[in-house]
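Take a look at the structure set out below.
The values are calculated or read from the model by the stated rules, or taken from the named source; none is laboratory data. Note that this is a predicted model, so its numbers are computed, not measured. Methodologically, a virtual Cβ is constructed for each residue, glycine included, from the backbone with ideal geometry; neighbour enumeration extends over all protein chains shown. Remember, those area values only see protein heavy atoms, side chains included, never the ligands or the DNA or RNA. Shrake-Rupley method; radii C 1.70, N 1.55, O 1.52, S 1.80 Å.
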Amino acid sequence: MTDRYEYVPHPLLRHRVRDVASGIEGELMAVINEDVSTSLHPYWVELAYVRGPSGREFSTAVDNIESAELPPGQRT
């Protein structure tokens, strides 16, 4: 793959989610498989982009995302 990123489908896209690392809730805007390496060897990770209450987006590991419509700790 020559691109440094690719979009990944996710069942919670455009839904209200919670970042378990920070506790911030917002709308899941995208999940992207990104090459975050700064060397010649690629290092791919899936990042979730969430639009928080301020309107700004932040990224977190996709495994840190859970539905905000469920009680905390109960994953989809």
Can you name the condition, by its number, that Asp63 falls short on among (1) at pLDDT 95 or above; (2) open to solvent by less than 80 Å² (accessible area, probe 1.4 Å); (3) not in a loop (DSSP other than H, G, I, E, B)? (2)
Can we say Thr38 is among the hydroxyl-bearing types (Ser, Thr, Tyr) and at pLDDT 95 or above? no
Take segment 24-45 and flag every residue that is within 16 Å of Gly55 (Cα to Cα) and not β-branched (Val, Ile, Thr). Glu25, Gly26, Glu27, Leu28, Met29, Ala30
Output the residues belonging to segment 1-20 that are modelled with pLDDT of 95 or more and in contact with a helix residue (DSSP H, G or I) (Cβ under 6 Å, 6 or more places away or on another chain). Asp19
If the Cβ limit is 9 Å and pairs must be 6+ apart or interchain, which residue in segment 1-20 that is open to solvent by 90 Å² or more (accessible area, probe 1.4 Å) pairs with which residue that is among the hydrophobic types (A, V, I, L, M, F, W, C) and not in a strand (DSSP E or B)? Arg4/Val36; Arg16/Ala68
Considering only segment 32-48, state which residues are open to solvent by 70 Å² or more (accessible area, probe 1.4 Å), among the hydrophobic types (A, V, I, L, M, F, W, C) and in a strand (DSSP E or B). Trp44
Test result for Arg56, among the charged types (D, E, K, R) and modelled with pLDDT under 95: no
Would you say Leu28 is touching a residue at least 60 places away in the same chain (Cβ under 8 Å) and buried (at least 17 other Cβ atoms within 10 Å of the Cβ)? no
